[in-house]
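The values are calculated or read from the model by the stated rules, or taken from the named source; none is laboratory data. Just so you know, these numbers come straight off a predicted model, no measurement behind them. With ideal geometry, Cβ positions are generated from the backbone for all residues, glycine too; neighbour counts draw on all protein chains shown.
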Amino acid sequence: MEAAPSIETVVQLGDGDSIREIPAPRLAIWLFLASEIMVFGGLLSCFVLFRIAHGGWDAEAAHVHWRIGAFNTLVLLTSSLTMALACTSAKEGKEGMAQRLRMFLGFTILLGMTFLGVKAYEYSLEFAKGFTPGAGLFWAFYYTLTGLHSLHVLAGIILNTTLWIAAARADLVPVVQRRIEYAGLYWHFVDVVWIFLFPLVYLT
Amino acid sequence: MQEKSTHLAGASLDIRIWEWLVGLLIIGLIVFVMPIPKVAAVSLVFAAAIVKAVLVVRKYMHLTAEHWLLYALALTPVVLIVGMAIALLPDIAFRQ
């Protein structure tokens, strides 16, 4: 199956010889991601500043489970691979594209759910030791940062599930072919946030 | 070898990028558990994180193929955040 022709509005960037047209939804998702960078960047930089101000929080940081965090990092990196493979399948549009797309999207959803399940288990271990969000500034930051990130993973799972269901219908496959790129941009962004969150919270 | 790597595309490139990401994760973890000075360990761990983020953004998010204005769009908030953190450093981090 060939890639579906785009019927989306395009925006012209640049002028003269460097002019390039990009689909308006792609520009919109990058604008959205820029606002998300402000949200996570603000929180992460506040965490770093307060951590320096409070002598590094070494005693508190010793109680986080870095092995569980490392496992979750591997899960999220692998989910980025399956998402990229789903996008590549949609772009190439070869024979059996819809099946491959659904398979890779399915893996991405499962890996996202694995991430959230492991995170919930990790929270239960910390709660059992009394490390609740009210246990101190470090733990307040920890739950805010990882909780907000987990909500973004959940949003990504819902988005991907919508596309996975839509891809089962032959008449909606061309729509999914176009929209999976935007879902992919969001999912990879969530991965990038974790790439910085993991060493900041678990390894320093 | 070089000819082979320059012709990597599609699924093969996606898998190669994932291998690099996992390799960098393992390097970061080895540095973390090794008995080396904390400043050096933290620097190496964050260097690995930056390379991982650049790989994901450029290859998986296809920013390499985009117009420079999209780079500007993505980098502007990063510059603002870093600027804000540097500006607040004396007041918050080094307050007596």
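Out of curiosity, is A:Ala28 in a helix (DSSP H, G or I) and surrounded by 18 or more Cβ atoms within 10 Å (Cβ to Cβ)? Working first, answer last.
Numbers: in a helix (DSSP H, G or I): yes; surrounded by 18 or more Cβ atoms within 10 Å (Cβ to Cβ): no.
For A:Ala28, the condition - in a helix (DSSP H, G or I) and surrounded by 18 or more Cβ atoms within 10 Å (Cβ to Cβ) - is not met.
Does any residue of segment A:95-112 turn out to be more than 20 Å from the chain's Cα centre (by Cα), within 29 Å of B:Gly28 (Cα to Cα) and either crowded, with 20+ Cβ neighbours inside 10 Å or not small (Gly, Ala, Ser) (or both)?
Checked against the condition, which is being more than 20 Å from the chain's Cα centre (by Cα), within 29 Å of B:Gly28 (Cα to Cα) and either crowded, with 20+ Cβ neighbours inside 10 Å or not small (Gly, Ala, Ser) (or both), segment A:95-112 yields no hits at all.
Give segment A:165-204 a look and list any residue that's surrounded by fewer than 21 Cβ atoms within 10 Å (Cβ to Cβ), part of a helix (DSSP H, G or I) and more than 14 Å from every other protein chain (Cβ to nearest Cβ), or say none.
Scanning segment A:165-204 gives A:Ile165, A:Ala166, A:Ala170, A:Asp171, A:Leu172, A:Val173, A:Pro174, A:Val175, A:Arg178, A:Arg179.
Using the structure shown, decide if A:Val190 is modelled with pLDDT of 95 or more and closer than 25 Å to A:Phe32 by Cα.
Taking the combined requirement at face value, the residue satisfies it.
Check B:Ile86, B:Ile81, B:Ile36 and return the single one that is buried (at least 16 other Cβ atoms within 10 Å of the Cβ) and more than 30 Å from B:Ala11 (Cβ to Cβ).
Answer to the selection: B:Ile81.
Can you pull out the helices (runs of 4 or more DSSP H) entirely within chain B that have at least 3 residues that are touching a residue at least 40 places away in the same chain (Cβ under 8 Å) and of a type in the set (Phe, Trp, Tyr)?
Correct list: empty, since no element meets the threshold.
Could you tell me which numbered condition A:Thr162 fails, if it satisfies all but one of (1) modelled with pLDDT of 95 or more; (2) under 28 Å from B:Ile50 (Cα atoms); (3) not small (Gly, Ala, Ser)?
Here A:Thr162 meets the rest and fails (2).
Could you check how many residues of segment A:74-94 are part of a helix (DSSP H, G or I) and more than 16 Å from the chain's Cα centre (by Cα)?
5
Quick check on my filter: what residues within segment A:57-78 are within 10 Å of another protein chain (Cβ to nearest Cβ), in contact (Cβ under 8 Å) with a residue 12 or more places away in the chain and either touching a Ser or Thr at 6+ places or on another chain (Cβ under 7 Å) or farther than 17 Å from A:Glu122 by Cβ (or both)?
Selection gives A:Leu77, A:Thr78.
Here are some conditions: (1) aromatic (Phe, Trp, Tyr); (2) under 26 Å from B:Leu21 (Cα atoms); (3) touching a residue at least 40 places away in the same chain (Cβ under 8 Å); (4) surrounded by 15 or more Cβ atoms within 10 Å (Cβ to Cβ). A:Tyr121 meets all but one. Which one does it not meet?
(4)
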